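The values are calculated or read from the model by the stated rules, or taken from the named source; none is laboratory data. Keep in mind that what you see is a predicted model, and the values were worked out from it rather than measured. Backbone-built Cβ (ideal geometry, glycine too); neighbour counts: all protein chains shown. Keep in mind that these areas ignore ligands, DNA and RNA; they rest on the heavy atoms of the full protein, side chains included. Shrake-Rupley method; radii C 1.70, N 1.55, O 1.52, S 1.80 Å.
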Amino acid sequence: MEGLFFNINGGYVEGIVRGYRNSLLSGQNYSNLTQCETIDDVKLQLAPSYGDFLSSLPPNPSTSDLAGRMTDKLVSEFKYLIAQSTGSTAKFLEYMTYGYMIDNIALLITGTLHERDTRELLERCHPLGWFETLPVLCVATNIEELYNSVLIETPLAAYFKESLSHQDLDELNIEIVRNTLYKNYLEDFYNFVNTHPDFSGTPTQDVMAQILQFEADRRAINITLNSFGTELSKQERRKLYPEFGQLYPEGSLMLSRAEDVEGVALAVSAVADYKAFFDAVGLSQGGGGLGGMGGGPGDGKSLEDLFYQKEMDMSKLVFTRQFTPAVVYAWMKLKEQEIRNVTWIAECIAQNQKDRIGNFISVF
Amino acid sequence: MSGAVGREAVFPTRQSLGLMKNKLKGAEIGHTLLKRKSEALTKRFRDITRRIDEAKQKMGRVMQIAAFSLAEVSYAVGGDIGYQIQESAKQARFRVRAKQENVSGVLLPTFESYTQDGVNDFGLTGLGKGGQQIQRCRETYARAVETLVELASLQTAFLILDEVIKVVNRRVNAIEHVIIPRTENTIKYINSELDELDREEFYRLKKVSGKKQRDVAAADAEILAARQKAAEEQAAHPEAVEKEEKETKDVLGEDEDNDVIF
Amino acid sequence: MAASAATYKDRQFLAVIGDEDSVTGLLLAGIGHVTEPPESQRNFLVVDSKTETSEIERAFQNFTQERKDIAVLLINQHIAERIRHSVDTFTDPFPAVLEIPSKDHPYDPEKDSVLKRVRRLFGE
């Protein structure tokens, strides 16, 4: 039933995204890329997918330039999609950009706190998190002005309003601010896909709920792991966990009490997937291999890698569903992973570290 | 050589000869000591240069590994953390302390790295994503910086030693090629001057004694002639002998005066 | 010539002039230091393609001449190339100027001021 009217508004966008999906690099492409000797070769291999965007690069560009151009392509494609979408689909796409906005605002807050010229920072902002009133925020010279303009000018006001005051921006570590915002954003997004009349009961709710739950759990686990040995207290830490997901509420509670890697492993053991991850990286056995990426070249994958792998698998599965804007979300995640992959490969080639070159996640 | 070196402006006396001889002895001792110091320093210097060469190559590798770990971070975080890192830097956690090492009287500073406890500007960076990679990257870079600090010590030692060795070698050369030859020259000069004086003196004495002999001979001849004359005159006029004897006494008196002068 | 203690006992920081990645990495290692306000000075400079050579020069002079708390100055080799003259003419032992490789520019021993001297001394 839900498919009956979807194509009236969302059909075109979905079609376009499915087309974009086909231009994602395949395993064959990746194996070609890993054979390259120079960045120029990489550029050549990427030409079918990224032709126009890479052509203006100088010979042997730096990896960051390469990544920058690839992101440009992603951005321009996404902008096209958002321009073509209407109604609830458009709203959905906007939600996708909020995550990047949070990063941009965090950047501006950092700049304002240190009294830098925030206009220079606009270049550093992620283009997907760009909104029309972003430059207005640069007018603010102190943190209170910035806070007020954020409330007035940005779509993120709701995330600020309830949990952060302008004193908080001044006093709290920017990472806490960022993660608080992100938590609010995830909860809001989750709420949006579950309750919006256009989405509830559709495949969108189905897949997006799953993906967002995973995202929430991932953040909770990461925050816990990364907060060990820092000044972040358990209470503060707990406030940063999104209040949904497979781990919520029991797992979150246990996470908030965890004091070491074993504690985290125990907290997540209720969820089979995460337990498998922790078993795979061996964190539950003594926790010696924290952040195992590179611990043993090639073979040992880190938790982070496994999470990315899982995210990619979920994103890939989204394309089996029809009549949903969730494919855009999935495509975006896949594309971002692709950019990371290519950057990684280029980095390995540029720095002559060929033995680690296979450490990327190929999806198709 | 002696022409170029010259000699010191001294009076050629026996006292200054003694001084010069002492000076020569001192210069020779100083020369051997400095020479030994220069050799010790040069040995050290060669050692350091070799280690610098090695350390610089090592640095290339270490920095590459470190840069690669940063690539891992950007892979995990999926974005740029540079700006945030730059802004959150406040207190140096990684500092260096300078120590001194004594090599043959030259104080060589060496840097020693240490970490300031309790300073952690980036504790929460990558909280949501990539924190573990950032942690690893920090450790890798900290190790890399330790290598760099080591290299910096070597390099500073290199620069100072280079300078010191130059100075010491200059001194050694100055002593060897200027001070010693000049002192020797001076001694030679004083000696030759003194010899010359000796010879002059000897000649003068010889001259004087020659003249004396001549005078004595002339006086003897005169006396002899006078006596003959007196004998002849006495034979002719015996009354005049008294007067003649008085004159002879006068001549002897003059001779005595001369003796006093010598 | 042996430096007296006063010239280096206060020197406890490292400074860096480098591209974004090098600076980020070194800051992660914890060398970053910002002095107390009002004259807060950073001990690092990020150089990109837009940075003027004069600015690099100024930072170099600042770190080597004016500031007395820098023990070691790290500078990316390709940036040192841009102010090669200053680097070559700076021969004081303090602070030690160290040319380091960057991600995109592997280390070339031929260009290093100090290594050049090393090589020359060995008559190569």
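If you take the beta carbon distance between B:Glu222 and B:Lys25 as r and set R0 to 60 Å, what does 1/(1 + (r/R0)^6) give as a FRET efficiency, to the nearest 0.05?
So the FRET efficiency works out to roughly 0.50.
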Gaussian network model of chain B, Cα within-10 Å springs - most flexible of B:Lys21, B:Lys58, B:Lys129: B:Lys129
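Once you order the gyration tensor axes a ≥ b ≥ c over the Cα atoms, which shape class does chain A get: rounded for a/c under 1.5, otherwise prolate or oblate by comparing a/b with b/c?
Note, shape of chain A comes out rounded.
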Given DSSP loops and a limit of at most 16 other Cβ atoms within 10 Å, what is the longest stretch of chain A that contains no such GluC sites (Glu not before Pro)? A:260-364
Cut-off 10 angstrom, C-alpha nodes, Gaussian network model of chain C. Which of C:Ser49, C:Ser113, C:Ser86 fluctuates the most? C:Ser49
So, R0 is 41 Å and r is the distance between the beta-carbons of B:Asp47 and C:Thr51; what FRET efficiency does that work out to, to 0.05? 0.60
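Sort the following peptides by mean Cβ neighbour count (other Cβ atoms within 10 Å, averaged over residues), highest first: B:177-183, A:82-88, A:64-70, B:156-162.
Most protected by this proxy first, the peptides run B:156-162, A:64-70, B:177-183, A:82-88.
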For the stretch B:163-233, with only Lys/Arg (+1) and Asp/Glu (-1) charged at the beta-carbon, what is the dipole magnitude about the Cα centre, in debye rounded to 20? 280 debye
Grab every C-alpha pair in the protein assembly as shown, bin the distances at 20 angstrom width from 0 up to the longest one, and report whole percents. 14, 36, 22, 9, 7, 5, 4, 3, 1, 0
Residue by residue through the stretch C:104-111, the couplings from Karplus 6.51 cos²θ - 1.76 cosθ + 1.60 with θ = phi - 60°, in Hz, x for Gly and Pro, are 8, 10, x, 6, 10, x, 5, 9
Could you pull out the longest piece of chain C with no exposed loop trypsin sites (Lys or Arg not before Pro) in it, calling a site exposed if DSSP puts it outside H, G, I, E, B and it has at most 14 other Cβ atoms within 10 Å? C:69-124
Using modelled amide H (1.01 Å from N, peptide plane; none on Pro or chain starts), what sits under 5 Å from the amide H of B:Gly130, excluding residues fewer than 5 places away? none
Surpassing 27 Å at the alpha-carbon level, of the pairs B:Lys99/C:Lys103; A:Lys161/A:Lys310; A:Lys73/A:Lys316; B:Lys35/C:Lys68; A:Lys335/B:Lys90, are B:Lys99/C:Lys103; A:Lys161/A:Lys310; B:Lys35/C:Lys68; A:Lys335/B:Lys90
Setting aside same-chain residues fewer than 8 positions from B:Lys206, which aspartates and glutamates have a Cα under 19 Å from its Cα? B:Asp195, B:Glu196, B:Asp198, B:Asp215, B:Asp259
Amide H neighbours of C:Phe44 at under 5 Å, excluding residues fewer than 5 places away on the same chain, with H built from the backbone geometry, are C:Val16
Distance between modelled label sites at C:Thr35 and C:His105, nm, 7 Å Cα→Cβ extension: 2.7 nm
What does the helix-only formula give at 222 nm for chain A: each DSSP H stretch with n ≥ 4 adding -39500 (n - 2.57), the total divided by the residues, and the result rounded to the nearest 500 deg cm²/dmol? -21500 deg cm²/dmol
Heavy atoms of A:Val271: accessible area, 1.4 Å probe, square angstrom to 10: 20 Å²
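Ranked by accessible surface with a 1.4 Å probe, highest first, in what order do A:Trp331, A:Trp130 come?
A:Trp130, A:Trp331
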Can you figure out the FRET efficiency of B:Asn191 with B:Leu33, using R₀ = 22 Å and their beta-carbon distance, to the nearest 0.05? 0.20
Report the residue, chosen from B:Ala142, B:Ala55, B:Ala225, that carries the largest GNM mean-square fluctuation when chain B is represented by alpha-carbon nodes joined by springs under 10 Å. B:Ala225
Integer Hz, Karplus 6.51/-1.76/1.60 couplings in order for the stretch A:67-84, x for Gly and Pro: 4, x, 5, 5, 5, 3, 5, 4, 5, 5, 5, 5, 4, 4, 4, 5, 6, 8
To the nearest 20 debye, what is the magnitude of the charge dipole of chain B about its Cα centre, counting +1 on the Cβ of each Lys and Arg and -1 on the Cβ of each Asp and Glu? 3120 debye
Could you list which residues have their amide H under 5 Å from that of C:Ile100, counting only those 5 or more apart in sequence or on another chain, with H placed in the peptide plane? C:Ile75, C:Asn76, C:Gln77
Note, the stretch A:149-159: 3J(HN,Hα) by Karplus (6.51, -1.76, 1.60, θ = phi - 60°), whole Hz, Gly/Pro = x, goes 5, 4, 4, 7, 8, 10, x, 8, 3, 4, 6
What shape does the stretch A:1-57 have by the C-alpha gyration tensor, where a ≥ b ≥ c are the square roots of the eigenvalues, rounded means a/c under 1.5, and otherwise prolate means a/b greater than b/c and oblate the rest? oblate
Sum of side-chain charges, B:Ala40 neighbourhood, beta-carbon under 14 Å (Lys, Arg +1; Asp, Glu -1): +3
With labels modelled as points extended 7 Å from the Cα through the Cβ direction, what inter-label distance (nm, one decimal) is found for A:Lys161 paired with C:Arg120? 7.1 nm
Can you give the mean number of other chain Cβ atoms that lie within 10 Å of the Cβ atoms in peptide C:113-119? 5
What nm distance separates the two modelled labels at C:His85 and B:Ile65, each placed 7 Å from Cα along Cα→Cβ? 4.0 nm
Which whole number gives the average count of other chain Cβ atoms within 10 Å of the Cβ atoms across peptide B:150-156? 6
Please say if the stretch A:27-82 is rounded, prolate or oblate, where rounded means a/c under 1.5 for a ≥ b ≥ c the square roots of the C-alpha gyration tensor eigenvalues, and otherwise the choice is prolate for a/b larger than b/c and oblate otherwise? oblate
